Amino acid sequence: MVCPCFSVAVVCLAFVATSAFAQIKVENPWVRGAVPGQRSTGAFLDITSARDATIVKAESPVAGVVEVHVSEMKNDVMTMRAVPAVPLPAGKQVHFAPGSYHIMLMDLKQPVKNGESVPLELTVEYPDRKRETVEVKAEVRALGTSQQTPAAAAKR
Ligand SMILES: [Cu+2]
């Protein structure tokens, strides 16, 4: 599957989400804008956990299906696959970014427009099996090139 959430240049805005939980810090959350008719898009953020943890689930009310994906280059084509969990080593920032980990919002219930705020909920699990949910508001940003071919994506 070719990743539709792969991006070109993205303008960086200072946008920081404050988590209710001091354990988990989420920075720079954003969602790629989706035009009417588009069925899926990606959400991206930087996340740091104060102690070892694992992201085990992602949810959003704007999408019927939410999965955590990772993009990979295979034979010069950007592909992506679902991953069941993303490790968050203590104190290390993990980047969800185009071409890497992303939160895949599929079966979109409505278009997500630039400037809107999309709620995301991440569930993290600690080694002692305790779980926490982290609420994030992700800002919708411009599409960039909307009609990306696999070749264009591969060139980056
Ligand atoms: Cu994906």
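Quick notes
- Selection of segment 24-65 for residues being β-branched (Val, Ile, Thr) and either farther than 11 Å from residue 104 by Cβ or buried (at least 22 other Cβ atoms within 10 Å of the Cβ) (or both) yields 24, 26, 31, 35, 41, 47, 48, 54, 55, 56, 62.
- First in segment 81-105 and loosely packed, with under 12 Cβ neighbours inside 10 Å, second anywhere and acidic (Asp, Glu), Cβ under 7 Å, 6 or more apart: 82/67; 90/52
- The condition of being within 16 Å of the ligand (Cβ to nearest atom), surrounded by 13 or more Cβ atoms within 10 Å (Cβ to Cβ) and polar (S, T, N, Q) holds for only one of 117, 71, that being 71.
- Filtering segment 78-89 to residues that are away from the ligand (no atom under 11 Å from the Cβ) and either within 14 Å of the chain's Cα centre (by Cα) or under 17 Å from residue 131 (Cβ atoms) (or both) leaves 84, 85, 86, 87, 88.
Bear in mind that the values in this text are calculations on the coordinates, not laboratory data. Nothing here was measured: the structure is a model prediction, and the numbers come from that model. Using ideal geometry, Cβ is built from the backbone for each residue, glycine included, and neighbour counts are taken over all protein chains shown.
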